[in-house]
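Take a look at the structure below.
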Amino acid sequence: ENGKWAKNRAAAKAGLSKKILTAAWGKTVTFTKYKAVKAGKLCIKINPYQTSQECAECGHIHPDNRVSQSRFVCQACGHQDNADHNAGRVIARRGVRWLLSGGYQPKESKRCRIFRQKEEVAIGPVRSESTPGESIVSHDIGNGIMQGTANQENLFVRRETPATTV
């Protein structure tokens, strides 16, 4: 009427969708796995496809099972429950079934260690391999250390003075 759009709350829905997308669900999964490992628990991901339409009692899947946002009534067996609670039970049952079928294979844990190179201290009249105009440069690359020589113009270089003989 009057050339205006009827209110359909599309802007509110768009705002909610944007908030959900920016909620960083990947970090939630990462933190959940981290906390589970720290507590000595198993954490697995289960496909949530049609969990809101599947009955936790008989396994019947149909869109009409989800009566409303919060109510679940199975059309086959008559089971009634809160929709979220029913979906949680379905996910738990799928996880147990997957574990019992042998689908879970534990990964071998990898350990990452950092080895630091100890500096050698020269005692007495030892001649350095670098000339007075060069310095030893070391770069950390992955797990190894690459060493080479560079001129004095380079920054962040450990200067090494050649030992002199008396």
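Here is how the numbers come out for the structure above:
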{"read-out": "Meets criteria (under 23 Å from the mean Cα position of the chain (by Cα), part of a loop (DSSP other than H, G, I, E, B) and on the phi > 0 side of the Ramachandran plot) for Gly102", "value": "no"}
{"read-out": "The lone exception for Glu57 - which of (1) modelled with pLDDT under 95; (2) of a type outside the set (A, V, I, L, M); (3) outside any helix (DSSP H, G or I); (4) surrounded by 11 or more Cβ atoms within 10 Å (Cβ to Cβ) it fails", "value": "(1)"}
{"read-out": "Residue satisfying condition, being exposed (fewer than 10 other Cβ atoms within 10 Å of the Cβ), modelled with pLDDT under 95 and β-branched (Val, Ile, Thr), within set Thr32, Thr22", "value": "Thr22"}
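The values are calculated or read from the model by the stated rules, or taken from the named source; none is laboratory data. If you're wondering where the values come from, they're calculated on a predicted model, not measured in any experiment. Quick reminder, even Gly has a Cβ in these numbers, built from the backbone with ideal geometry, and neighbours come from all protein chains shown.
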